[in-house]
Amino acid sequence: MNLREFFPNFPETIMGISGAVVGVLVLWSLAWKGFALWRAARRNDKTWFFVLLFVNTLGILEIIYYFVIAKSDCCATKNNECCKK
């Protein structure tokens, strides 16, 4: 079964990047987006939730939020349980 049978106009490369690389980037982005959205929802941080939901940065913004912003806000409130997560 060939993908070309179902999608005859689908390019083999997207802007010179192979489909496998694009697939890996999509999975990378989805994983980080899920982690960051989960943390923003648990913290009831609506602004960050919507920013993370609608802005696509291949996981860069999500990683920054997950490890820097959410972590520093927890530690600033002296909630040691949150800092351990």
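List of remarks:
- Of all residues in the stretch 57-71, those that are in a helix (DSSP H, G or I) have Cβ atoms under 8 Å from Cβ atoms of residues that are charged (D, E, K, R) and surrounded by 14 or more Cβ atoms within 10 Å (Cβ to Cβ), 6 or more apart or on another chain, in 62/33; 65/39; 66/39; 70/39; 70/43; 70/45.
- Entry remark, the stretch 44-72: residues being surrounded by fewer than 18 Cβ atoms within 10 Å (Cβ to Cβ) and of a type in the set (Gly, Ala, Ser) number 1 in total.
- When the stretch 21-40 is filtered for residues that are farther than 18 Å from residue 69 by Cα and either outside any helix (DSSP H, G or I) or of a type outside the set (A, V, I, L, M, F, W, C) (or both), the ones remaining, listed by number, are 23, 29.
- Any hit, the stretch 8-20, residues being modelled with pLDDT under 85, surrounded by 10 or more Cβ atoms within 10 Å (Cβ to Cβ) and part of a helix (DSSP H, G or I): yes
The values are calculated or read from the model by the stated rules, or taken from the named source; none is laboratory data. Keep in mind that what you see is a predicted model, and the values were worked out from it rather than measured. For neighbour counting, all protein chains shown are included, and Cβ atoms are generated from backbone atoms with ideal geometry for every residue, glycine included.
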